[in-house]
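Take a look at the structure set out below.
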Amino acid sequence: MSGGGSINSAQIHPSSVVEDGVVIGENVKVGPFCHIFGDVIIGKNTTISSFNYIEGPTKIGKNNFIGPNCVIGTPGEHKTAKSVGEIIIGDNNIIRELTVIQRGCGDRNTEIRNNCFIMDHVHFGHDVLVDDNVTIAPNVVLGGHTVVLEGATIGIGSSTHQFSTIGAFSMIGMNSTITRDVLPFYLVSGSPGSFMRWNTVQLNLHEFGESPTDSQLQPFMDKFMKYSKRKHVVRNE
């Protein structure tokens, strides 16, 4: 299937190549000079900007915006493990230009769920999971197997070590290096990342006061412990 014209009301630029087997939903827009191939599904009302490379197996939901020059679906950067997982992108996400999203190497699929704001030049290593409503600023690097839970914010230029877990509604300050897991609602900054204070913006939004109680934190800790694989976490001390 070459570019040019429409498929099920999708608009594909003539310079783009969408190979046979790709499934494109209604009102999808594919800009100039894209290459989309393999087992790829793109949901309705999604925009794929110019110069995108999308390799299957990849599933992209509805109402997403993918900026120019993104690379989605390439094998994970791992010396020995083969890439066996797929890319799963949910609904209503903004993924800005020059973002790289790599396939999983066996632990799980690489996944971005719903309503996330991914700014430019973000690197998603293999087996990364990003939960709903996450904000990731430019030039962030998520090491392989990193998990970022609901509502977390990661500041400009930060990076996570492999197997890191970033708790729900936490915030990572700019240019931080995360080598230990970050608990829910923490504000962490520095290299290595250290506890600064509670993320008061999110505490107020949840009506938790200045310092949450154990019972308030328990549902978020339960989910955190489901993913955390480390003995060491950033401590409030």
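The values are calculated or read from the model by the stated rules, or taken from the named source; none is laboratory data. The structure displayed is predicted, hence computed values, not measured ones. As a convention, Cβ positions derive from the backbone with ideal geometry for all residues, glycine included, and neighbour counts pool all protein chains shown.
Assorted remarks:
- Positions within the range 62-85 being in a loop (DSSP other than H, G, I, E, B) and within 22 Å of residue 150 (Cβ to Cβ), in sequence order: 62, 63, 64, 85
- Test result for residue 82, assigned by TED's automatic domain parsing to the domain that holds residue 14 and more than 19 Å from residue 113 (Cα to Cα): yes
- In this structure, residue 128 does satisfy being modelled with pLDDT of 95 or more, crowded, with 18+ Cβ neighbours inside 10 Å and within 19 Å of residue 181 (Cα to Cα).
- Condition check for residue 44: surrounded by fewer than 18 Cβ atoms within 10 Å (Cβ to Cβ), outside the structural domain of residue 157 (by TED's automatic domain parsing), over 20 Å from residue 18 (Cα atoms) and free of Cβ contacts under 8 Å to residues at least 60 places away in the same chain: no
- Any hit, the range 116-125, residues being under 19 Å from residue 89 (Cβ atoms), outside the structural domain of residue 224 (by TED's automatic domain parsing) and among the acidic types (Asp, Glu): yes
- Filtering the range 101-122 to residues that are touching a Gly at 6+ places or on another chain (Cβ under 9 Å) and either surrounded by fewer than 18 Cβ atoms within 10 Å (Cβ to Cβ) or not in a strand (DSSP E or B) (or both) leaves 103, 104, 105, 106, 107, 108, 109, 113, 114, 115, 116, 120.
- Test: residue in the range 225-233 that is assigned to a helix (DSSP H, G or I), surrounded by fewer than 16 Cβ atoms within 10 Å (Cβ to Cβ), within 24 Å of the chain's Cα centre (by Cα) and at pLDDT 90 or above: yes
- The range 164-182, residues that are under 17 Å from residue 129 (Cβ atoms), of a type in the set (A, V, I, L, M) and part of a loop (DSSP other than H, G, I, E, B): 168
- Within the range 209-224, the set of residues being assigned to a loop (DSSP other than H, G, I, E, B) and out of contact with any Ser or Thr (no Cβ under 9 Å at 6 or more places or on another chain) comprises 209, 211, 212, 213.
- Summed over the range 136-149, the residues that are over 21 Å from residue 78 (Cα atoms) and either outside any loop (DSSP other than H, G, I, E, B) or in contact (Cβ under 8 Å) with a residue 60 or more places away in the chain (or both) give a count of 2.
- Hits in the range 76-114 (condition: touching a residue at least 24 places away in the same chain (Cβ under 8 Å) and of a type in the set (A, V, I, L, M)): 81, 87, 88, 89, 94, 95, 98, 100, 101, 112
- Verdict on residue 59 being assigned to a loop (DSSP other than H, G, I, E, B) and of a type in the set (Lys, Arg): no
- Selection over the range 69-85 of residues that are surrounded by fewer than 20 Cβ atoms within 10 Å (Cβ to Cβ) and modelled with pLDDT of 95 or more gives a count of 3.
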